[in-house]
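Peer 1: So that we are looking at the same thing, I have put the structure below in structure tokens.
Only the coordinates and a few stated rules stand behind these numbers; no lab work does. The structure displayed is predicted, hence computed values, not measured ones. Please note: Cβ atoms are built from the backbone with ideal geometry, for glycine as well, and neighbour counts cover all protein chains shown.
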Amino acid sequence: MVRRLRRFFLGMLLIGASPTWAEAETLRIQLETLATEHGFVVQGLDRLGPESARNAAGDLPTRLRMLLEDYNYVLMSDRPGAVDRLLITSAKTPAQTRAFNATIKTTRLGPHHQVETVLVGPNGVAFPVTLIVDTGASTLALPESMASELGFVPEALQPGVSHTANDIVPIKAGILESVRVGPVSAGAVPVAFFPDDRLRGAKLLGMSFLSRFRVTLDEAENELILLAK
């Protein structure tokens, strides 16, 4: 009887000493739990800070977008509404940018604005390229033939898909060392390489770079204005 009472009181002490789930759960634990529940691979958890768990509702991609609003990341999937791999690349911090406010002249290609950009891939070589400013593109998008020029080897790229209005397109995803537009530079920028025939020569400066800033396109002056958030 004495032993049973000891075990009972010891159990009560342990229960009383344990923090609640809400107090114990961190953003990292929350993401690990989601990965286990939904069967996807998550990489880059070591890049997370000590944030507490967050409230997020909706389908899986929407929940991840809400949870990771302070981070740059890449989602890869071959099924609508699902996630096969999550790659967290970096925190969205001012330290990623060397010039916070800039006005960059654009050139017009029909209704589109183009800017001169310098990309640096794994080989560390500065690669100048003209990109179309596209706030509707979730990531910087390039033709697959450019991957080797930027220093990407096939095994360093992650397979995935892009869901367009009419189709699902296979892509290969990677991380650029840096992207510079005018005086503004950002590091660890996700990039998606599309089959060349799908882009039809277009190269897009999407939200994996633009989301680091408050963006204004001045149609009258042909200017791209990037301001620190």
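Peer 1: Given +1 on the Cβ of Lys and Arg, -1 on the Cβ of Asp and Glu, and no further charges, what dipole in debye does the stretch 118-183 carry about its Cα centre, rounded to the nearest 20?
Peer 2: Dipole size: approximately 120 debye.
Peer 1: Moving on to the next point. Positive end of the dipole of the stretch 178-227, charges at C-beta (+1 Lys, Arg; -1 Asp, Glu), about the Cα centre: which of Gly206, Ala220, Phe194 has its Cα farthest in that direction?
Peer 2: So the residue furthest toward the plus end is Phe194.
Peer 1: Report, in whole Å, the centroid distance computed from the Cα atoms of the stretch 151-229 and the stretch 115-133.
Peer 2: 10
Peer 1: If amide H atoms are built 1.01 Å from N in the plane of the peptide, which residues on other chains or at least 5 residues away come under 5 Å of the amide H of Glu51?
Peer 2: Under 5 Å from the amide H of Glu51 lie the amide H atoms of Leu27, each far enough along the sequence or on another chain.
Peer 1: FRET efficiency for Arg200 and Val129, Cβ-Cβ distance as r, R0 = 22 Å, nearest 0.05? Numbers along the way, then the final one.
Peer 2: Values: r = 16 Å, r/R0 = 0.72.
Calculated value: 0.90.
Peer 1: Pairs of Cα atoms under 8 Å, at least six residues apart: use those to get the relative contact order of the stretch 94-228, whole percent. Please report the intermediate quantities before stating the final value.
Peer 2: Values: 304 pairs, mean separation 45.7, N = 135.
Normalised by residue count, the contact order of the stretch 94-228 is 34 percent.
Peer 1: Of the peptides 126-138, 51-63, how do they stack up when ordered by the mean number of other Cβ atoms within 10 Å, highest first? Display every interim value, and only then the final one.
Peer 2: Details: 126-138: 15.5, 51-63: 13.5.
Highest to lowest by the protection proxy: 126-138, 51-63.
Peer 1: Can you work out ³J(HN,Hα) from phi for every residue in the stretch 48-61, in order, using Karplus 6.51 cos²θ - 1.76 cosθ + 1.60 and θ = phi - 60°, giving whole Hz and x for Gly and Pro?
Peer 2: 7, x, x, 4, 6, 4, 10, 7, 8, 10, x, 6, 4, x
Peer 1: Taking the Cα centre of the stretch 94-228 as the origin, how large is its charge dipole in debye, to the nearest 20, when only Lys and Arg (+1) and Asp and Glu (-1) carry charge on their Cβ atoms? Kindly include the intermediate steps, with their values, before the conclusion.
Peer 2: Working: 10 positive and 13 negative charges, 53 e Å.
So the dipole magnitude of the stretch 94-228 works out to roughly 260 debye.
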